[in-house]
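Bear in mind these aren't lab numbers, they're just calculated from the coordinates by the rules spelled out. Quick caveat, the model's predicted, so the values are computed rather than measured. Because the Cβ atoms are built from the backbone with ideal geometry, glycine has one as well, and the counts that use them run over all protein chains shown.
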Amino acid sequence: MKKNVHVTPKGENWQVKTANSSKAYKVVNTQKEAISIGKNIATNNKSELLIHGKNGKIRAKDSYGNDNFPPKG
């Protein structure tokens, strides 16, 4: 099973975690840096990246796996 990757606030910093993990993969100073790290992990795992805001709520999602519902175009 592919684990989704979450970028979440951790105090004044930002952490990158995989779903259901108790420990952060990496803690960094900026959300931008955490998103970059999370994107690489999600791409390698062919999973989804969920970006949380400072309030902890999901503010954006990006899928890097096989999309069951690709955009029509």
Check your understanding: Ordered by residue, what ³J(HN,Hα) values in Hz, to whole numbers, does the range 56-62 give under the Karplus form 6.51 cos²θ - 1.76 cosθ + 1.60, where θ = phi - 60° and Gly and Pro are x?
Key -> x, 7, 5, 10, 7, 9, 9
Revision key, fill the gap. In terms of the alpha carbon gyration tensor, root eigenvalues a ≥ b ≥ c, rounded if a/c is under 1.5 and otherwise prolate when a/b exceeds b/c or oblate, the chain is prolate
Study note, to complete from the structure: Amide H proximity to His6 below 5 Å, modelled H, separation 5+ or other chain, gives Lys17, Thr18, Ala19, Leu50
Exercise for review: Read phi for every residue in the range 2-9 and hand back ³J(HN,Hα) as whole Hz from Karplus 6.51 cos²θ - 1.76 cosθ + 1.60, θ = phi - 60°, with x for Gly and Pro.
Suggested key: 7, 8, 5, 10, 10, 10, 9, x
Exercise for review: Kindly express, to the nearest 10 degrees and within the range 0 to 90, the angle between helix 31-45's C-alpha long axis and the longest C-alpha principal axis of the chain.
Suggested key: 40 degrees
Revision key, fill the gap. Given the candidates Asn4, Val27, Gly56, the one whose Cα lies deepest towards the positive end of the charge dipole of the chain, counting +1 at each Lys or Arg C-beta and -1 at each Asp or Glu C-beta, is Gly56
Review point. Within straight cross-link reach of Lys61, meaning Cα distance under 12 Å, which aspartates and glutamates are found once same-chain residues fewer than 8 apart are removed?
Key: Glu48
